[in-house]
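The values are calculated or read from the model by the stated rules, or taken from the named source; none is laboratory data. Since the structure is predicted, the reported quantities are computational estimates derived from the model, not experimental observations. FYI the Cβ positions are ideal-geometry reconstructions off the backbone, even for glycines, and counts take in every protein chain you see.
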Amino acid sequence: MSHSSTPKLAVWKFASCDGCQLSLLDCEDELLAISEKLEIAHFLEASRLQIAGPYDLSLVEGSITTAQDLEKIQKIRQQSKYLVCIGACATSGGIQALRNFQDVKEFSSAVYAKPHYIETLKTSTSIASHVLVDFELQGCPINKKQLIEVILAFLQQRQPNIPSYSVCVECKQAGKVCVMVASGTPCLGPVTHAGCGAVCPAYHRGCYACYGPMESPNTQALSRRWQDLGASRKDLVRVFRTFNAYANDFHKISEFHEKKEK
Amino acid sequence: MKKKKNKKKVRTIQVDYLARVEGEATLYIQLEDEKIREVKLKIFEPPRFFEAFLRGRNFAEAPDITARICGICPVAYQMSSVHAMENAFGVQVEGALRDLRRLIYCGEWIESHSLHIYMLHAPDFLGYPDAVRMAKDHPEIVKRGLGLKKVGNEIISLLGGREIHPINVKVGGFYRTPTRKELQVLLPSLEKAREAALETLHWAAQFDFPDFEQDYEFVALSHTEEYPFNEGRIISNRGLDISVEEFEDYFQEQQVEYSNALHCLLRGKPYFVGPMARFNLNFEKFSPVVQQAANSIGLLPGLKNPFKSILVRSLEVLHACEEALRIVQNYQEASSATIKISASAGKGYACTEAPRGLLYHRYHINSQELIEEAKIVPPTSQNQKIIEDDLFKLLEHSLHLEEEKLQEYCEHAVRNYDPCISCATHFLKLQVERK
């Protein structure tokens with residue numbers, strides 16, 4: 001048991017690709033400094049040392065897809081003073097939430113010859129659907145600079161400075177030419193949460209909303225713009241059903257288009 | 001770790017969570033009268049059903065969707081998927097675009113291998129629980145590893161827009177290609193990285209390697225002129241020589257009750273993919289500088305000790321730095337960021353060399369440009385059976401060890417393969433049952 005006053009950090013994983021916890025190891029210049037300020041008490045991808053809770057800060061990656069994980073997240077919450085969800089899987093159910101729109105048994109048969117060996121829930125859901133969450137950092141993957149900001153804010157006992165406006169604002173701030181206005185490239189930037197630094201427009205590509213919905217997005221207006229540019233209802237169902245398909249605003253608009261299409 | 005005993009002298013050792021691997025799995029070992037009965041690598045990473053939800057998606061979405069299978073090697077998934085689509089449409093990306101694809105793959109090999117060498121594998125050899133705690137005694141070494149990893153990430157970010165799930169790769173090429181000037185920025189870091197890679201190789205060569213060898217069938221891509229990345233025939237040291245299209249005629253996936261990942265076998269037998277397989281089958285394709293570096297530490301093809309895979313990874317980092325330097329220095333801007341794609345109904349196949357080994361993708365595309373069927377075979381599901389075999393052999397000579405040591409030894413042996421369990425489905429748990 002540590003008697004020092006260094007706060008204890010735990011990193012947890014549920015159904016995910018590991019990319020968001022890797023973001024912490026990708027802080028090549030800051031990792032060793034962070035480890036001076038926080039004791040890495042539980043981070044299985046990086047360490048075989050497992051120090052018992054309670055933990056001051058828990059970072060949770062991944063979505064809830066099994067009965068065991070339902071129990072595990074409750075225990076993690078009980079042991080964590082401050083719990084932060086990192087990434088689209090934890091904040092919205094991730095790409096594996098595409099199962100929520102279909103029959104999971106049929107999915108299982110498509111991948112596994114003996115689907116009865118596979119234990120899984122019918123849905124993939126966010127962490128906040130099951131426990132109280134102190135902060136959500138969106139993105140598929142998260143931005144490592146924003147992760148450092150969240151950790152610093154925790155250490156300094158303040159709110160993280162993570163803007164909730166759209167990718168459009170970041171795109172303008174970066175002085176990029178609007179791909180939708182200038183070249184008619186369909187872009188989801190107007191409804192997507194900022195944080196990536198408007199990386200797609202910088203590479204001459206429309207935003208595909210991997211950071212999930214911004215606060216109060218106008219998905220109807222953007223859908224009409226996409227339709228003017230030639231997108232069908234089917235296309236619109238698909239573009240809102242990717243990495244944040246089960247986030248409330250994207251879920252609603254994709255169902256709207258699906259009903260209209262039928 | 002739990003230990004049980006009963007009248008039949010059953011012994012169970014169980015490690016609930018094996019750390020420093022990418023994903024969630026358990027290792028279960030059952031011993032009866034101190035003889036090994038069963039070794040099972042159980043992957044309990046929750047299934048995510050990628051092959052199922054790829055159906056009905058547009059072909060152009062495959063690189064972005066499949067990248068999300070793995071945050072550690074997203075470029076590998078993007079490379080296999082775009083090459084499979086191009087195969088379906090009968091086109092091939094050449095010249096500068098082909099070179100840029102090799103360059104982004106160099107970035108991923110440098111990033112992923114440096115992560116494994118310094119943060120996941122070296123702590124086993126030096127007796128630390130992790131790299132952060134290793135840094136307390138060896139700060140300069142860990143900083144060198146982080147520095148190397150950073151250079152890999154710099155390449156991916158420059159070409160791909162960001163290091164994890166890059167956004168710039170597409171069927172037919174890229175959304176935007178860099179100017180010559182933009183790419184030249186990488187030269188100073190790559191030159192430093194080449195030095196660091198050489199130092200890494202000599203540093204790792206001093207480790208104490210367990211005396212352990214097995215007679216493996218190694219499988220890797222083989223290209224006529226280059227150390228393989230995106231193209232080639234699938235060959236083995238036992239005479240296999242097939243085209244990528246023939247993959248499923250020779251390799252079969254099997255489902256086992258205890259694992260959420262499928263086991264893949266070659267003609268019904270386990271086989272070995274990854275850096276050691278590439279090294280053993282393609283050594284002569286390395287540049288003279290890389291071959292010389294290997295010779296200087298006595299690392300020669302015919303290598304059968306998986307604990308030495310850390311040396312091969314170090315050598316591949318050196319190769320990737322050299323190759324990246326060559327590409328950046330000779331880069332001539334392409335006239336267009338992408339070649340013309342006329343999507344049509346058909347089947348497409350591709351294998352590329354992910355950091356952890358052969359990654360197979362097959363897609364059926366219909367006349368509406370939608371994916372009808374997808375099949376993905378990641379490297380870790382191919383190595384699963386070999387990992388179990390290694391543990392079986394290893395345990396035969398190690399049962400005298402106390403439980404804690406035995407567990408550490410088993411974990412080390414599993415990490416030899418850098419298993420990426422997120423890919424194969426994901427968390428390792430060691431359970432040994434003794435009868």
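Tabulated values for the structure
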| read-out | value |
| --- | --- |
| Elements of type helices (runs of 4 or more DSSP H) in region B:215-315, at least 1 residues being under 25 Å from B:Gly107 (Cβ atoms), among the small types (Gly, Ala, Ser) and in contact with a helix residue (DSSP H, G or I) (Cβ under 8 Å, 6 or more places away or on another chain) | B:288-296 |
| Lone qualifier among A:Arg238, A:Arg224 - being within 22 Å of B:Pro63 (Cβ to Cβ) and assigned to a helix (DSSP H, G or I) | A:Arg238 |
| Selected residue (criterion: surrounded by the fewest Cβ atoms within 10 Å (Cβ to Cβ)) from residues of region A:199-219 that are within 14 Å of chain B (Cβ to nearest Cβ) and outside any loop (DSSP other than H, G, I, E, B) | A:Ala202 |
| Verdict on A:Val133 being modelled with pLDDT of 95 or more, away from chain B (no Cβ under 11 Å) and part of a loop (DSSP other than H, G, I, E, B) | yes |
| B:Ile164 vs. criteria closer than 26 Å to A:Cys27 by Cβ, under 19 Å from the mean Cα position of the chain (by Cα) and not in a loop (DSSP other than H, G, I, E, B) | no |
| Some residue of region B:135-152 being buried (at least 21 other Cβ atoms within 10 Å of the Cβ), more than 30 Å from B:Glu408 (Cβ to Cβ), out of contact with any strand residue (DSSP E or B) (no Cβ under 8 Å at 6 or more places or on another chain) and within 11 Å of chain A (Cβ to nearest Cβ) | yes |
| Count of region B:102-134 residues which are surrounded by 24 or more Cβ atoms within 10 Å (Cβ to Cβ) and of a type in the set (D, E, K, R) | 2 |
| Residue list for region A:148-170, filter: of a type in the set (D, E, K, R) and either assigned to a loop (DSSP other than H, G, I, E, B) or surrounded by fewer than 15 Cβ atoms within 10 Å (Cβ to Cβ) (or both) | A:Arg158 |
| B:Glu199 being assigned to a loop (DSSP other than H, G, I, E, B) and surrounded by fewer than 18 Cβ atoms within 10 Å (Cβ to Cβ) | no |
| Meets criteria (within 10 Å of chain B (Cβ to nearest Cβ), under 18 Å from B:Leu146 (Cα atoms) and either of a type outside the set (A, V, I, L, M, F, W, C) or more than 22 Å from the chain's Cα centre (by Cα) (or both)) for A:Glu61 | no |
| Within region A:12-27, tally of residues that are of a type in the set (Asp, Glu) and more than 7 Å from chain B (Cβ to nearest Cβ) | 0 |
| From the options B:Glu396, B:Glu373, residue that is within 30 Å of B:Asp208 (Cβ to Cβ), more than 23 Å from the chain's Cα centre (by Cα), at pLDDT below 95 and among the charged types (D, E, K, R) | B:Glu396 |
| Matching residues in region B:51-64 - criterion: being facing another protein chain (nearest Cβ under 8 Å) and crowded, with 22+ Cβ neighbours inside 10 Å | B:Ala52, B:Phe53, B:Asp64 |
| Of all residues in region B:412-435 being crowded, with 20+ Cβ neighbours inside 10 Å, modelled with pLDDT of 85 or more and in a helix (DSSP H, G or I), the one that is nearest to the chain's Cα centre (by Cα) | B:Arg415 |
| Hey, A:Ala231 under 20 Å from A:Ser63 (Cα atoms), modelled with pLDDT of 95 or more, part of a loop (DSSP other than H, G, I, E, B) and within 14 Å of another protein chain (Cβ to nearest Cβ) or not | no |
| Failed item in (1) closer than 24 Å to B:Lys375 by Cα; (2) of a type in the set (Lys, Arg); (3) within 14 Å of chain A (Cβ to nearest Cβ), with B:Arg102 passing the rest | (3) |
| Within region B:157-189, tally of residues that are more than 15 Å from B:Pro74 (Cα to Cα) and among the small types (Gly, Ala, Ser) | 3 |
| Matching residues, region B:253-304, being under 18 Å from the mean Cα position of the chain (by Cα) and of a type in the set (Ser, Thr, Tyr) | B:Tyr271 |
| Qualifying residues in region A:81-93 (those that are farther than 17 Å from A:Leu147 by Cβ and buried (at least 24 other Cβ atoms within 10 Å of the Cβ)) - the one farthest from the other protein chains (Cβ to nearest Cβ) | A:Ser92 |
| Residues of region A:171-197 classified as surrounded by fewer than 24 Cβ atoms within 10 Å (Cβ to Cβ) and either of a type in the set (A, V, I, L, M, F, W, C) or assigned by TED's automatic domain parsing to the domain that holds A:Gln146 (or both), total | 7 |
| Some residue of region B:216-237 being touching a His at 6+ places or on another chain (Cβ under 9 Å) and either under 30 Å from B:Val39 (Cα atoms) or aliphatic (A, V, I, L, M) (or both) | no |
| Count of region A:28-58 residues which are assigned to a loop (DSSP other than H, G, I, E, B), facing another protein chain (nearest Cβ under 9 Å) and out of contact with any Pro (no Cβ under 8 Å at 6 or more places or on another chain) | 6 |
| Given (1) in contact with a Phe, Trp or Tyr (Cβ under 7 Å, 6 or more places away or on another chain); (2) at the interface with chain A (Cβ under 9 Å from one of its Cβ atoms); (3) buried (at least 22 other Cβ atoms within 10 Å of the Cβ); (4) under 30 Å from A:Cys207 (Cα atoms), number of the condition B:Val171 does not satisfy | (2) |
| Residue in region B:319-328 that is acidic (Asp, Glu), in contact with a His (Cβ under 7 Å, 6 or more places away or on another chain) and surrounded by 14 or more Cβ atoms within 10 Å (Cβ to Cβ) present | no |
| Unique match (being in contact with a Gly (Cβ under 6 Å, 6 or more places away or on another chain) and at pLDDT 95 or above) among B:Leu183, B:Leu187, B:Leu221 | B:Leu221 |
